[in-house]
Amino acid sequence: MTTKIKLHRLIDANLNRLREGIRVCEDIERYINNNKKLSQKLKSIRHDCRVKDMLTYLKSRDIVGDVLKETTASESKREDIKSIQISNIKRAQESARVLEESLKLINIEEAQKFKLIRYALYDLEKNMLELR
């Protein structure tokens with residue numbers, strides 16, 4: 001596997017992780033907290049988590065070869081809805097950072113977009129968690 005394909009695999013995995021984390025938070029705000037404003041903001045950010053040449057990254061996906069696909073003990077246990085939301089907003093922020101850094105090697109404009117997404121998620125985290 002070439003370095004370019006490995007980089008594409010990294011980007012693909014983090015795009016998925018980012019959107020999944022945001023979606024969990026979005027659905028908690030929508031269905032549990034009935035918070036239209038925050039769920040709409042999260043949905044909007046999730047829709048912004050697209051890149052050019054998405055299929056290029058998808059082609060590099062290698063689920064079978066993922067050395068850490070097994071669930072860890074800490075991932076298997078959640079105390080309550082708030083802990084689910086915290087772990088997922090953190091997952092999304094971390095993925096946005098990985099995308100920001102790795103896309104600097106491919107497309108600086110897209111890297112900048114993920115930096116802005118990361119900061120938007122920091123702000124939404126505060127709004128989501130201070131309301132509880």
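What are the residues in segment 36-60 that are surrounded by 15 or more Cβ atoms within 10 Å (Cβ to Cβ) and modelled with pLDDT of 95 or more, if any? If you could, list the steps in order and put the result at the bottom.
So in segment 36-60, the residues surrounded by 15 or more Cβ atoms within 10 Å (Cβ to Cβ) come out as 38-39, 41-43, 45-46, 49, 51, 56-57, 60.
Leu38, Ser39, Lys41, Leu42, Lys43, Ile45, Arg46, Cys49, listed by residue number.
Looking at this structure, is Val98 β-branched (Val, Ile, Thr) and closer than 17 Å to Lys115 by Cα? Show your work before the answer.
Values: β-branched (Val, Ile, Thr): yes; closer than 17 Å to Lys115 by Cα: yes.
So Val98 fits the description; yes.
For Ile28, only one of the following conditions fails: (1) more than 16 Å from the chain's Cα centre (by Cα); (2) farther than 21 Å from Thr2 by Cα. What is its number?
(1)
Before we move on, is Arg30 in contact with a Lys or Arg (Cβ under 6 Å, 6 or more places away or on another chain) and at pLDDT 95 or above? Reasoning before the result, please.
On the way: in contact with a Lys or Arg (Cβ under 6 Å, 6 or more places away or on another chain): no; at pLDDT 95 or above: yes.
So Arg30 does not fit the description; no.
So is Leu10 assigned to a helix (DSSP H, G or I), modelled with pLDDT of 95 or more and out of contact with any Gly (no Cβ under 7 Å at 6 or more places or on another chain) or not?
Criteria not met by Leu10.
Kindly indicate whether Lys104 is charged (D, E, K, R), more than 15 Å from the chain's Cα centre (by Cα) and at pLDDT 95 or above.
yes
Specify the residue that is surrounded by the most Cβ atoms within 10 Å (Cβ to Cβ); the eligible residues are those in segment 73-112 that are under 25 Å from Asn35 (Cβ atoms), out of contact with any helix residue (DSSP H, G or I) (no Cβ under 6 Å at 6 or more places or on another chain) and among the charged types (D, E, K, R).
Among them, the one singled out is Glu94.
Considering only segment 12-29, state which residues are buried (at least 18 other Cβ atoms within 10 Å of the Cβ) and out of contact with any helix residue (DSSP H, G or I) (no Cβ under 7 Å at 6 or more places or on another chain).
Result: Ala13, single match.
Could you grab the pairs with beta carbons closer than 7 Å, sequence gap of 6+ or different chains, first residue in segment 85-105 and free of Cβ contacts under 8 Å to residues at least 24 places away in the same chain, second one among the hydrophobic types (A, V, I, L, M, F, W, C)?
Correct list of pairs: Glu100/Ala111; Glu100/Phe114; Lys104/Ala111.
List pairs: first residue in segment 3-14 and under 14 Å from Met54 (Cβ atoms), second residue part of a helix (DSSP H, G or I) and not hydrophobic (A, V, I, L, M, F, W, C) anywhere in the structure, Cβ distance under 7 angstrom, at least six positions apart or on different chains.
His8/Thr56; His8/Tyr57; Ile11/Tyr57; Ile11/Ser102; Asp12/Tyr57; Asn14/Ser95
Is at least one residue of segment 122-129 without any contact (Cβ under 8 Å) to a residue 24 or more places away in the chain, of a type outside the set (Lys, Arg) and more than 30 Å from Thr3 (Cβ to Cβ)? Spell out how you get there, then give the answer.
Restricting attention to segment 122-129, the residues satisfying the condition of being without any contact (Cβ under 8 Å) to a residue 24 or more places away in the chain are 123, 126.
Next, from what is left, pick out any that are of a type outside the set (Lys, Arg): 123.
Next, only the ones that are more than 30 Å from Thr3 (Cβ to Cβ) stay: 123.
Looking for residues that are without any contact (Cβ under 8 Å) to a residue 24 or more places away in the chain, of a type outside the set (Lys, Arg) and more than 30 Å from Thr3 (Cβ to Cβ), one finds at least one in segment 122-129, hence yes.
State whether the residues of segment 32-43 include one that is of a type outside the set (D, E, K, R), within 30 Å of Lys6 (Cα to Cα) and in contact (Cβ under 8 Å) with a residue 24 or more places away in the chain.
Within segment 32-43, one or more residues are of a type outside the set (D, E, K, R), within 30 Å of Lys6 (Cα to Cα) and in contact (Cβ under 8 Å) with a residue 24 or more places away in the chain.
The values are calculated or read from the model by the stated rules, or taken from the named source; none is laboratory data. Keep in mind it's a predicted model, so treat the numbers as computed, not measured. In this analysis, Cβ positions are derived from the backbone assuming ideal geometry, glycine residues included, and neighbour counts consider all displayed protein chains.
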